[in-house]
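Engineer: This is the structure, below, for whatever I ask next.
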Amino acid sequence: MENNFRHLSQFVILEVANDAYRIHILEMSENIQKLIDAARSREMSGAEKEAQRRSFAYGNAHIENDRVTREMVAKAADKIGRSQD
């Protein structure tokens, strides 16, 4: 399969509507590319990783059950953290 994308300064959006598919290839601005490059080399702290883990857990759980709250996820994460000590 041939890759027709020239370089990483492009990104693709797949739009699905009314059983029709459209692909949009957009050029990233130089500023966005600089931010992406900086993010690739940045190390996350333990606290940032934990916050991201909890946010991910909340987002996925909330999709399945809209009664799930951030507080519920925090309590569960705290309980799991204590049991791993």
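Bear in mind these aren't lab numbers, they're just calculated from the coordinates by the rules spelled out. A quick note: this is a predicted structure, and the numbers were derived from the prediction, not measured. Positions of Cβ are generated from backbone atoms using ideal geometry, with glycine treated the same way; all protein chains shown enter the neighbour counts.
Engineer: Which length gain, in nm to one decimal place, applies between ARG70 and ASN31 when the Cα-Cα distance is subtracted from 0.36 nm times their residue separation?
Structural biologist: The ARG70-ASN31 span can extend by a further 10.7 nm.
Engineer: When the Karplus curve 6.51 cos²θ - 1.76 cosθ + 1.60 is applied with θ = phi - 60°, which whole-Hz ³J(HN,Hα) does each residue of the stretch 73-78 get, with x for Gly and Pro?
Structural biologist: In residue order, the calculated couplings are 5, 4, 4, 5, 5, 4 Hz.
Engineer: Along the Cα→Cβ direction, 7 angstrom out, place labels at VAL16 and ARG53. What is the inter-label distance in nm?
Structural biologist: For the pair VAL16/ARG53, the computed spacing is 3.2 nm.
Engineer: Cβ under 15 Å from GLU71's Cβ, GLU71 left aside: what net charge do those residues give with Lys, Arg +1 and Asp, Glu -1? Walk me through the numbers on the way to the answer.
Structural biologist: Numbers: positive: ARG54, ARG67, ARG70, LYS75, LYS79; negative: ASP66, ASP78.
Combined, the nearby Lys, Arg, Asp and Glu give +3.
Engineer: Calculate one ³J(HN,Hα) per residue across the stretch 49-65 by plugging θ = phi - 60° into the Karplus curve 6.51 cos²θ - 1.76 cosθ + 1.60, and present them in order as whole Hz with x for glycine and proline.
Structural biologist: So the J values, rounded to whole Hz, are 4, 5, 4, 5, 4, 5, 5, 4, 4, 4, x, 6, 5, 5, 4, 6, 8.
Engineer: Once you put a point 7 Å from the Cα of HIS62 and another 7 Å from the Cα of ARG42, both along the Cβ direction, what distance in nm separates them?
Structural biologist: My value for the distance between the label points is 2.2 nm.
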